[in-house]
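See below for the structure under consideration.
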Amino acid sequence: MSSSSTSSASFPTVEQIPLLTPALVAALTTAQFSAFTSSHLAAFSPIQIAAIEPEDLAAIGTGASSFSTASITGLKPAQLVALSTVQWNALTTAQIARLTPAQLVAIETQDLAVLGVDDIGALSPTQLAAFSVAQLVSLSTAQWDAISTAQIAGLKPAQIAAIEATDFLVLGTEGIAALNAAQLAALTTAQLSVIDLSNFTGAQIAGLKTQQVIALSTAQFDALTTAQIAALTAAQMGVIETRDLAVFGASEIAALTVAQLDGLKPAQVSSLSTGQWDAMTTAQIAGLKSAQLVAMETQDLAVLFADSLSAFTAVQLGSLTTAQIAGLDVSGLTTSQLLGLKSQQLIALSTAQWDALTTAQIAVLTPAQIAAIETQDLAVFGAAEIAAISGAQLGAFKPAQIAALSTAQWDALSTVQLAVLKPAQIAAMETQDLAAIRAEVVAAFSASQLAALSSAQLAMLDISAIRRERRALREQ
């Protein structure tokens, strides 16, 4: 601004404006600027506008709207700050649209508030992306409603995170769909709480961070489609709160992949309802880890076992707790599944469970498994089961098990089976059971077996009959 003699009612004319150097522009007085018509102002070039003093810009008032869209790009940040709210309100949409990113970032928030929805909508994605976080926060809900999907897509993650939750509500389905992975990762829990996730694509769902997944409400999880749930990663599955997991329906559970189920923590597994377990496929069950199976409630495991017994592997069965094993129907276990049971699990089986096993099932038990059978459970073995026991299995019987066998069970044993009894097992036999064994069977005992007999056991035998049988054996 200047008060020199350059001031004149007729100087400069509209035609003279383009001839002014930046120095001459700076020398013009405030009075001269106040007297300029819209034609004068329209004649200024970007270089000339840059030379206008801030106080002279203020004197122009709403006449600033007369600057050409080309010349307005010459305004410096200090000049933009000097513009009043009234002047910003007077600028045209075309002028706003020509402002450079460097100019836009200089707009004060109170001035930004007067820009109309058309002004905001006219900004390019690059221009909007130039706004500071403070500027974006200052935008009204109406201004956000005017922002296009292209503009949203151009925002930086930090800018996305600054959007107030209430403003997110007006972005709409298309606006939400425009968010990229980096932008989604920047969403705050407050923002997520107001977003309708049903509009998210599978890729967007998979892009949510674990802390964001934790922050989702039960209602939001309930609104997810089967396809969206199928897009969740194993890491995301592992942080879903149990109350949210409870709203997964049968179709959602059945749609989960083995990899997704692998992400579930024991506490989550334990929280699944019987109905959810019943919805699982055999492939899903076969993929469950031991730690997950152990976390299952006994009533859920019993239902799953009844419906999908064939899906369980030997390794999975071997990981079950004794309490879980005690509640299962084991009568349908295959050979490989039975062989997966550990000694402590066999001990946990009830007498009723042992009684339900078939002769074929008992016949495949390993010697180590046979040795784990409790005496009260061994008592339910019928003649067919006893007769089917192999020599290796019988040789694994402990003295206490031998002593627990009934006379009827001993009577079911063949000569071949008895021949494998060890001296310690012979010594453990009850006298009444030994007495029930036929003389020809005892006669087939080896020298070491006979030597193991106690005097009490010998007293129960018909020695004469045994000698006759042994002579007959030698003569054969």
**Q.** Euclidean distance of C-alpha centroids, the stretch 355-379 and the stretch 263-315, integer Å
**A.** 26
Q. Once both axes come from the Cα atoms, what is the angle between helix 463-475 and the longest principal axis of the chain, in degrees from 0 to 90, rounded to 10?
A. 80
Q | Pairwise label distance in nanometres, Ala379 with Ala185, each label 7 Å out on the Cα-Cβ vector | A | 6.7
Q: Taking the chain as the reference, fit the longest principal axis to its C-alpha atoms, fit the long axis of helix 298-308 to the helix C-alpha atoms, and give the angle between the two in degrees, 0 to 90, nearest 10.
A: 80
Q.
Under 30 Å between alpha carbons, and skipping anything fewer than 8 positions from Lys422 in its own chain: which lysines qualify?
A. Lys342, Lys398
Q. Can you give the convex hull volume of the alpha carbon atoms of the chain per residue, in Å³?
A. 168
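Would you kindly calculate the mean projected area, averaged across all directions, of the convex hull enclosing the Cα atoms of the stretch 1-137, in square nanometres?
The directionally averaged projection comes out at 7.5 nm².
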Q) Over what distance in Å are the Cα centres of the stretch 419-471 and the stretch 22-76 separated? A) 126
Q: Please list, or write none, the lysines whose alpha carbon is within less than 16 Å of the alpha carbon of Lys289, excluding same-chain residues fewer than 8 places away.
A: Lys265
Q.
Taking the Cα of Asn89, stepping 7 Å toward and past its beta carbon, and measuring to each backbone N in the stretch 138-170: which are under 17 Å?
A. 140, 143
Q) Considering the zone a paramagnetic label at Ser140 would reach in this model (a point 7 Å from Cα along the Cα-to-Cβ line), which residues of the stretch 147-173 have amide N under 15 Å from it? A) 147, 167
Q. Ranking Arg470, Arg438 by Cβ neighbours within 10 Å, fewest first, what do you get?
A. Arg438, Arg470
Q | Once the Cα gyration tensor of the stretch 313-367 is diagonalised, semi-axes √(5λ) in Å | A | 15, 13, 10
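Calculate for the chain the 222 nm mean residue ellipticity that helices alone would give, adding -39,500 (n - 2.57) per DSSP H run of length 4 or more and normalising by residue count, nearest 500 deg cm²/dmol.
Values: 52 runs with 290 residues, N = 476.
Computed mean residue ellipticity for the chain: -13000 deg cm²/dmol.
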Q. From Cα coordinates alone, what are the radius of gyration and Dmax values for the stretch 136-245 in angstrom?
A. 13.6, 39
Q. Simple spin-label model, 7 Å along Cα-to-Cβ: Arg468 to Ser273 in nm?
A. 7.6
Q. Along the Cα-to-Cβ line of Ala259, 7 Å from the Cα, sits a label point; which residues in the stretch 267-292 have backbone N less than 18 Å from it?
A. 283-289
Q) What does the stretch 57-181 give for Rg and for Dmax, in Å, if only its C-alpha atoms count? A) 14.4, 48
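Bear in mind these aren't lab numbers, they're just calculated from the coordinates by the rules spelled out. This is a predicted model, so every value here is computed, not measured. Ideal geometry is used to build each Cβ from the backbone, glycine not excepted, and the neighbour counts take in all protein chains shown.
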